[in-house]
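The values are calculated or read from the model by the stated rules, or taken from the named source; none is laboratory data. Here the structure is a predicted model, which means the values were calculated and not measured. Here the Cβ is made from the backbone with ideal geometry for all residues, glycine too, and neighbour counts use every protein chain on show. Accessible surface areas use protein heavy atoms only, side chains included; no ligands, DNA or RNA. Shrake-Rupley method; radii C 1.70, N 1.55, O 1.52, S 1.80 Å.
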Amino acid sequence: MIPRRGEYGLDGHYPRLGLLVQAALEVAASAVTVQALRRGRPLLAAASGAAAVGLGALTAGGLYSSRRGKFEVWTEILDELDLRGDEHVLDIGCGRGAVLLLAADRVPHGRAVGADIWLSRDQSGNSRASAERNALLEGVFDRVELVHADARDLPFDPGTFDIVLSSLVLHNITGNDGKEHALREAVRVLRPGGQLRIVDFLPDRYIEPLQAAGCRDVRVRRLDWRMGFGIPVNVTGLVCASKPES
């Protein structure tokens with residue numbers, strides 16, 4: 001994987017208070033373990049020690065997925081698409097541009113559009129300005145466009161994009177109706193014959209709505225530990241679909 005020059009923050013519950021609370025719990029569990037050993041209470045020491053190790057693994061896994069793992073996985077996903085280089089690509093919920101700018105690298109004669117409402121709770125330092133700065137740092141600013149738009153109401157004509165991408169976004173939309181509306185929008189703006197790639201938690205729930213929206217070859221692939229965010233049972237997967245030619 002080519003090293004990234006931009007700064008892409010941390011995902012999910014790790015920004016701000018979440019990471020500090022988790023670290024504090026690790027320290028507390030470690031302190032309890034030490035005290036339990038000093039007082040000759042092996043069961044308590046074992047339990048608190050296991051909690052400290054578990055919290056440490058969760059933190060390490062989450063940081064790895066945010067800082068490196070997601071880039072490795074998305075690099076492979078984009079490589080599999082075997083892009084020509086002149087495609088128009090949309091990243092729904094682009095955030096600071098992690099996936100968007102990887103795609104932009106692959107379309108030197110095309111266009112990479114990122115749509116987001118840039119909520120800080122979804123990612124540390126999440127802002128349009130951060131995405132613009134990263135596009136400059138990665139050397140793809142000339143082919144990147146950023147649009148303030150909700151996933152449920154995309155301001156694009158039908159069939160605008162050859163490729164539609166989304167990474168860890170749809171689960172943030174409240175209610176099944178909202179998620180399904182966003183999926184219909186993604187399919188609407190995809191050209192006939194275009195490809196859709198969605199990475200999210202519990203991806204099986206998107207199969208039927210995508211089929212109902214007219215997609216074919218809808219399939220789900222479980223992703224490995226690199227996109228696990230430290231969760232022992234990895235529930236992250238990739239949804240692949242295509243829009244029929246007619």
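A few notes on this one:
- Working note: Karplus 6.51/-1.76/1.60 with θ = phi - 60° gives region 195-203 the couplings 10, 10, 9, 10, 10, 6, 7, 6, x Hz, where Gly and Pro are set to x.
- Under 5 Å from the amide H of Asp91 lie the amide H atoms of Val113, Gly114, Ala115, Leu165, each residue being 5 or more positions distant or on a separate chain, with H modelled from the backbone and absent for Pro and chain starts.
- Solvent-accessible ranking of Thr236, Thr160, largest area first, probe 1.4 Å: Thr160, Thr236
- With DNA, RNA and ligands ignored, accessible area of Thr174 (1.4 Å probe; Å², nearest 10): 120
- Ordering of 76-82, 133-139 by packing [mean C-beta count within 10 Å, highest first]: 133-139, 76-82
- Peptides 177-187, 204-214 ordered by packing proxy, namely the average of other Cβ atoms within 10 Å per residue, highest first: 177-187, 204-214.
- Per principal axis, descending, Cα span of region 136-187 in whole Å: 38, 23, 18
- Share antiparallel - DSSP beta bridges, region 134-246, percent rounded to 5: 65
- Remark: spin-label model distance Asp224-Thr75 equals 1.3 nm, labels positioned 7 Å along the Cα→Cβ axis.
- Measuring only protein heavy atoms, the 1.4 Å probe finds Val99 accessible over about 10 Å².
- Using every pair of separate Cα atoms, the Kirkwood estimate puts the hydrodynamic radius of region 156-246 at 13.3 angstrom.
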